[in-house]
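Asker: Pasting in a structure now, in structure tokens, and then I'll have a few things to ask.
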Amino acid sequence: MDFRLYDSIKKEKLNFQPIIENEVSIYICGPTVYDDAHLGHARSALSFDLLKRVLIYLDYKVTLAKNFTDIDDKIINKLSSSDITLEELTNFYINRYLEDMEAIGVLRADIEPKATESMEAMESMINTLLSKGYAYKLDSGDIYFDSTKDTKYGSISNMVTDDSDNISRIESVDGKKNPKDFALWKACKDNEDICFQSTLPSGRPGWHIECSAMIDKHFSGTDDYCIDIHCGGADLLFPHHENEAAQTRCSLNKEIAKYWIHNGFVTIDGEKMSKSLGNSFFLKDALKIYDGELLRYYLISINYRNNFNFSEEDLINSKKRVDKLYRLKKRLYGVKIGKINRIFKETLLEAMCDDLNSSKAMAVVDDMISNTNEYLDKEPKNKALKQEAQANIEFICKLLGIGCKDSIEWFQQGVGSEEKDKIDRLINKRSEAKKSRDFELADSIREELNLMGIAIMDSADGTKWEKI
RNA sequence: GGCGGCAUAGCCAAGUGGCUAAGGCAGGAGCCUGCAAAGCUCUGAUCCCCGGUUCGAAUCCGGGUGCCGCCUCCA
């Protein structure tokens, strides 16, 4: 099955052809770890999690790296107002990030490089750029990349304008040759700076060099490309990815990646979620209210390239949709996993192979759910059908990361054991009332449960309940 | 100012030249049910506006309008 993905540099859907047969190398620009992950981080991680899952099902040997930027001005700023060390701070947020991502079902990366553990690789790349004349050192010790020396600079973002207004918006640095030049290395300004010692002046790396160096360190690639797919948020396209590409091209004489994919933003009230706007919705806060799998479902319900306008109302509507999957799963409770429906599997995979069309994939899932329910309405005891449906749901879980939980627990989240006992007692009481045709009492018990936030539904195998 | 993206039913959202424009939520009707709920069935849009290309366009081109993003750290 062909896998097509939209390359955001070439701006077209391409048939994926790995640089090395049967293998896929993926690099994702990960977070700068100075604060908790927000929904934007979640969406980015989820988009590329789907990418990894699909490629695994296409039988590729996937190696996915996602870095942690653990040295950066923002981290240093945060450090100045506390007593902890850089490592303590960044480890704290790395762990928080990993916990949050696990809660929404993001598979761990195969490689999780940290900038501070890649200093030699950065030093080496900067020295190469200096010796080849692509970089220059200022009196301050800062080292800059000379963007005019790279003839392909601008090929990633198409941002090679030199209008005066643009120039005025870039922080002026004495000695910087061109407005688009960027720092490869920042020398220490005073004793309070966090500095790394090497053959370079005492200092710390610029942001862009990290990714180029880490990719070179962890992937061997081919003569033409370092890796297959480079991923990141759309906001990284310029200047970050342009600069990464330039550094790699000029130091290693090859392109950093064959394909580039970028996820759209999460917006709130139509505006991009960001620290500066103060409209961040932290994942950990969302997880206090909503189940991780529900957040996952909601965030992948539209295609990864679109902007995603977050709304709690839409999230709650998504819950109703996931509930349908779990009601079917509940209907199959205790049935063994059988043989998957081949057409369903292919249709679902095919949707995902079309540039990760998760929206279409969910329509395929919905179709499977209603078909299965329809057949089960007619033949409630068809065991083979139930086993097949179990297998279908198992596949949905593996490919999309949805429907993986226990169906009873899904509907009983947040209900304590004491409350469960009470619910069971009331349901028993109601069943007896029903048996003696005392519908008035039965209905009043149902109303009582309703007020407790519990919905009940009578079925052939007894009364079931759900937390509303 | 430069570069880029988006505009599809009340809402969310697929769709990248061609059968009746996916799917979900909400709404309406029905089946089922003691009544409900759940489940199932049926039910809604000519795709922001104008012009063009084409036998044929939501889909391509040109011009508008509106919204968003990048150009400074950002997933």
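The values are calculated or read from the model by the stated rules, or taken from the named source; none is laboratory data. Values in this document were obtained by computation on a predicted structure and should not be read as measured data. Positions of Cβ are backbone-derived with ideal geometry, glycine not excepted, and every protein chain shown enters the neighbour counts. What goes into the accessible areas is simple: the full protein's heavy atoms, side chains included, and nothing from ligands, DNA or RNA. Shrake-Rupley method; radii C 1.70, N 1.55, O 1.52, S 1.80 Å.
Asker: Mind counting the residues in segment A:204-237 that are within 20 Å of the chain's Cα centre (by Cα) and either within 13 Å of RNA strand B (Cβ to nearest atom) or open to solvent by 10 Å² or more (accessible area, probe 1.4 Å) (or both)?
Answerer: Residues meeting the conditions: 9.
Asker: Report every pair of residues separated by at least 6 positions or lying on different chains whose Cβ atoms are under 6 Å apart, first residue within segment A:58-79 and over 16 Å from A:D36 (Cβ atoms), second among the hydroxyl-bearing types (S, T, Y) and more than 14 Å from RNA strand B (Cβ to nearest atom).
Answerer: A:T63/A:S25; A:I71/A:T116
Asker: Give the residue, chosen from A:D367, A:D421, that is open to solvent by 80 Å² or more (accessible area, probe 1.4 Å), at pLDDT 95 or above and closer than 28 Å to A:L55 by Cβ.
Answerer: A:D367
Asker: Also, quick follow-up: Taking the stated definitions as given, is A:I402 open to solvent by less than 50 Å² (accessible area, probe 1.4 Å) and more than 9 Å from RNA strand B (Cβ to nearest atom)?
Answerer: So A:I402 passes the test.
Asker: Filter segment A:268-308 down to the residues that are over 17 Å from A:D36 (Cα atoms) and among the β-branched types (V, I, T), then identify the one that is farthest from the chain's Cα centre (by Cα).
Answerer: Across segment A:268-308, the extreme among qualifying residues is A:I268.
Residues are listed down the side, and each one gets a yes or a no for (1) in contact with a strand residue (DSSP E or B) (Cβ under 6 Å, 6 or more places away or on another chain); (2) open to solvent by 10 Å² or more (accessible area, probe 1.4 Å); (3) closer than 21 Å to A:K275 by Cβ:
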residue	(1), (2), (3)
A:E21	no, yes, no
A:C29	yes, yes, yes
A:L39	yes, no, yes
A:V54	no, no, no
A:L86	no, yes, yes
A:N95	no, yes, yes
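Asker: Out of curiosity, is A:H240 open to solvent by less than 10 Å² (accessible area, probe 1.4 Å), near RNA strand B (Cβ under 9 Å from one of its atoms), touching a strand residue (DSSP E or B) at 6+ places or on another chain (Cβ under 8 Å) and not hydrophobic (A, V, I, L, M, F, W, C)?
Answerer: yes
Asker: It is to be established whether one or more residues within segment A:406-421 are touching a residue at least 12 places away in the same chain (Cβ under 8 Å), of a type in the set (F, W, Y) and part of a strand (DSSP E or B).
Answerer: So far as segment A:406-421 goes, no, none of its residues is touching a residue at least 12 places away in the same chain (Cβ under 8 Å), of a type in the set (F, W, Y) and part of a strand (DSSP E or B).
Asker: Among (1) more than 7 Å from RNA strand B (Cβ to nearest atom); (2) free of Cβ contacts under 8 Å to residues at least 40 places away in the same chain, there is one condition A:K320 misses while meeting the rest; what is its number?
Answerer: Among (1) more than 7 Å from RNA strand B (Cβ to nearest atom); (2) free of Cβ contacts under 8 Å to residues at least 40 places away in the same chain, the lone unmet condition for A:K320 is (1).
Asker: Report the residue count in segment A:248-271 for those that are touching a residue at least 40 places away in the same chain (Cβ under 8 Å) and within 14 Å of RNA strand B (Cβ to nearest atom).
Answerer: So the answer is 10.
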